[in-house]
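Here is the structure we will look at.
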Amino acid sequence: MRSPAIQASTGTTAQKKTRLSRQQSSVWRRLLLSPRPFLWWERPAVLGLLLATAVLYTWGLDINGWGNSYYSAAAMAGAQDWTAFFYGSSDPGNAITVDKPPLSLWVMSISVRLFGLNSWSLLVPQAFMGILTVLIFYKTVRNRFGAPTGLLAATFMAVTPVSTVMFRYNNPDALLILLMVAIAFSALRAIDHHQPKWLVLAGALVGAGFLTKQLQIGLILPALVLTYLVFAPSAWPKRLLHLTAAGIAAVVVSGSWLLAVQLVNPSERPFIGGSRNNSTIELALGYNGLGRLTGEDASRTLSGPTATLAQNPDPGFLRFLQPQFSGQMGWFIPFAVVGIALTLWYLRRRPRLAAKNALLLFTSVWFVSATTVVAHMSGILHPYYSLTSVPPMCCLASIGLVYLVRRRGRISIRAALSGTLAVSLVVAFVTTVRSTSEFPFLPFVIAGVGGITLAAQLLPPPSLLVSRAASWSLVGTLLLGPTLWSITTAATPHVGAGVIAGPSILGVRTDHPDRYQLSPDLPASVAVVMFGDSPSPSVVERVKEAHEPVTWVAATVGAETAANLQLASGRAVLPIGGFDGTDPYPTLDDFQGWVEDGRVGALVFRTLPPLTLEGRGESARIVAWVKSHFVVETVEGHEYYDLTQ
């Protein structure tokens, strides 16, 4: 038998293990769900949603190939060279960076280092970001409005088509949205629990967002600042002090990389792609800042004859109902408007519900800020920019929908619910009519199912069972369109810079790898900016056989074309002029010096970007010089100039 001392020691150890296990369980529960008790169906429902989201976001990911080869090539460079990793260079030779900060590239580069260069290592990290976003988003809404509302909001978020396409793609937007949702979670937790450290964390996440897509993270700042000032349980001086601390955290996180880059001698680092003066500050404030609002980004890319192609739908909120946008995120907008109206009512009539009101105010301001900016942008405007509006839209829509459903015993509420549903059905019908080549039957299904559902909402439910059936049919009707759009997104390939969710719109898709669904009015010079030229097998073999001492086995105009050749050959390719061929780097003098030193093996191209084709910019000067000094070979439609002879 054990002695009493040993038994006591064993008992103490067991108690410690039990306490530790309970503490770990408590931490896990707080992180994933809530310290509040949850309903019997909640955990299975959440796990089911996360599993379904994982399937939607990862199924057949390799169908997208390299996705946006511009960022894939930069991830390849970062995996091969630590200098390229730090700066976000588009090639291992470190000539020029991509036109975004490198944080999202760091994630992909690490994945490529661990698992090799392939579609899965590039795209799976984005899918994981999407799953984590859905989980954090669920917790944020659930803790304030209950499990049904949280689950509905997270479901809306998961199946909104623009969410699906971007969490299956390697643009920086996946990480940006994850950070935005995490900022909302942290800021609201700081208010709920009287813990300013969570606000400081939110500030640090803002800094990380800046290192992801620069000023676009600013779309969430009005919501963060206003909500904390209104609802933080502290005196006004302390609220301002807390916000100042959060601002310092944001500056430290974002400014450390900016300062490190700016302090390095420009001749000893890559050129900052997207800038004109080799400056990260200019890139942030110009090309990735005001240039997106004024349209200057389009004017520097497209020439006069092709600039009209960048004309967007008339500015204003009706832009979101246009063909390019409605299928991406317009499905839940009518109920989001109800959520905004509910916010105003809650703030006026129920000021004591601080936790609920804080979330309502945060998401309302966030939604208005994000949609206002996208609605009035000029120049090159991609429909996936609307992704920043999706989390607050889904939150407001779920809150508005649940509020109306739970009170539909009143005739005025039934009228409001039916009217909002009718508007949603009109949006869904018009959206699906624009894509009848893939879904010829869907508009009629939505009209038929929607009509039955609408009638069920108009009549007072005679029993609890009928009421529940009407509620489920309502949710199913709202989810029908976006879910099919998201499934279509997962089942079809997407490549290039103009990625879009769902089927073709009026027979046109801007991201099909075979390009057969591009608009016939789109010039080849503009298409090459979006997709880049696909290198022929003979060109790839010629490039692979280049002598090892060269820094770049080949050079070409435009980063998408260079990325395609770099990924196909596994060798460094020099992207003259950066993304669209308009960056003033390398200069003709730089290029001539590199050729004399034997650092560039060849110049190869098939289609030139608009301004280069017109003879404008450093890229045009380089092409003209090479044409006048070297002999051209025609290799399967490409002009190939051997610069080593």
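Here are the numbers:
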item: Selection count, segment 36-86, where residues are acidic (Asp, Glu) and over 25 Å from ASP514 (Cβ atoms); result: 2
item: Filtered residues of segment 227-244 (kept if touching a residue at least 24 places away in the same chain (Cβ under 8 Å) and within 24 Å of ILE281 (Cβ to Cβ)); result: LEU243
item: The listed residue being free of Cβ contacts under 8 Å to residues at least 60 places away in the same chain and in contact with a Gly (Cβ under 6 Å, 6 or more places away or on another chain), out of LEU205, LEU179; result: LEU179
item: PRO549 open to solvent by 20 Å² or more (accessible area, probe 1.4 Å) and either in contact with a strand residue (DSSP E or B) (Cβ under 9 Å, 6 or more places away or on another chain) or within 12 Å of VAL604 (Cβ to Cβ) (or both); result: no
item: Condition check for THR372: surrounded by fewer than 19 Cβ atoms within 10 Å (Cβ to Cβ), of a type in the set (S, T, N, Q), out of contact with any strand residue (DSSP E or B) (no Cβ under 9 Å at 6 or more places or on another chain) and in a helix (DSSP H, G or I); result: yes
item: Residues located in segment 416-436, provided they are over 17 Å from PRO161 (Cβ atoms) and touching a residue at least 40 places away in the same chain (Cβ under 8 Å); result: ALA416, LEU417, SER418, THR420, LEU421, VAL423, LEU425
item: Residues of segment 481-520 that turn out to be modelled with pLDDT under 90 and among the hydroxyl-bearing types (Ser, Thr, Tyr), as a count; result: 4
item: Residues of segment 597-645 satisfying the condition of being aliphatic (A, V, I, L, M), open to solvent by less than 40 Å² (accessible area, probe 1.4 Å) and not in a loop (DSSP other than H, G, I, E, B); result: VAL600, ALA602, LEU603, VAL604, LEU611, ALA620, ILE622, VAL623, VAL626, VAL635
item: In segment 560-577, residue nearest to ASN118 (Cα to Cα) [restricted to those that are within 25 Å of the chain's Cα centre (by Cα) and open to solvent by 10 Å² or more (accessible area, probe 1.4 Å)]; result: LEU567
item: Filter result for the condition that a residue is more than 15 Å from LEU567 (Cβ to Cβ), more than 20 Å from the chain's Cα centre (by Cα) and of a type in the set (Gly, Ala, Ser), over GLY507, GLY532, GLY502; result: GLY507
item: Members of segment 71-98 found to be open to solvent by less than 10 Å² (accessible area, probe 1.4 Å) and under 19 Å from the mean Cα position of the chain (by Cα), listed by number; result: SER72, ALA73, ALA74, ALA75, GLY88, VAL98
item: Extreme residue, nearest to TYR384 (Cα to Cα), among residues of segment 332-348 that are of a type in the set (A, V, I, L, M, F, W, C) and open to solvent by less than 10 Å² (accessible area, probe 1.4 Å); result: PHE332
item: Options GLY409, GLY400: the member that is in contact (Cβ under 8 Å) with a residue 40 or more places away in the chain, under 30 Å from ASN357 (Cβ atoms) and open to solvent by 60 Å² or more (accessible area, probe 1.4 Å); result: GLY409
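The values are calculated or read from the model by the stated rules, or taken from the named source; none is laboratory data. The structure presented is a predicted model; accordingly, all values stated were derived computationally and were not measured. Note: ideal-geometry Cβ built from the backbone for every residue, glycine included; neighbour counts use all protein chains shown. With ligands, DNA and RNA removed, areas are computed over all heavy atoms of the protein, side chains included. Shrake-Rupley method; radii C 1.70, N 1.55, O 1.52, S 1.80 Å.
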